[in-house]
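Data first, discussion second: the structure below is written as C-alpha cells.
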Amino acid sequence: MMQRRLLIATALIALIAGPFLATAAAAKPARGNPADILHNPRALAKYLKLSAEQVVTMKNLQDDLRATTKPLYDQIEPLQETLKTQLDAASPDACSAGATLVKIDGLRDDIRDAREEFDDAFSAILTPEQLAKYEALKDAVRIGEEEDAG
C-alpha cells in the first residue's frame, strides 16, 4: 500500500514538474557555459542552427570585425605600458598620464562600436526564432558577467 502511494506521488510530481523542466531546458543552451557558446563561432552556429549561407555571412562579418579591432588592440598594449611607466615615475605628470588614458579609452570605445556594428549586422541575418535565441544567450552571458563581478 505504501509503495503504491509513493509511486502515485512520484508520478504526480513528474506530471506537474515535466512542463516546467522542459521550459527551463529550452531556455538554456544545450551544453556548456553561455559565454563559451557565444564566443565560439562553431558552437554558436550549431546552437542557432544557422544555414550554410548564414555561416558564410557570419564568417565574413567576423573577419571584418577582426580586421577592424586587431589594429586597435595592437595600439592599446603599448599605450598601457606607457601609462604604467608614466604612473611609476618618481614625479608622475598627471597631464601626460591623463592624455594616455584618454587615448586608451578612445580605442576601447572604437572596439565597442565595432562590436556593436558586428552584432547589428549579425542579428540582421537571423530568423526571428534564431534572433530570440541569440538575444537570450547574450542576456545569459550578461547576467553571468554581473554575477561574477558582484
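Readers should treat all values here as calculations from the given coordinates under stated rules, not as data from a laboratory. These numbers come from a predicted model, not from an experiment.
Computed over all pairs of different Cα atoms, the Kirkwood value for the hydrodynamic radius of segment 64-150 is 15.7 Å. Starting from a Cα-only point model with no solvent, please compute log10 I(q)/I(0) by Debye for segment 93-140 at q = 0.21 1/Å. Evaluating at q = 0.21 Å⁻¹ gives log10 I(q)/I(0) of -0.75. With 23 Å as the limit, the listed pairs 59/103; 46/138; 49/70; 49/138; 103/138 have 59/103; 49/70; 103/138 beyond it between alpha carbons.
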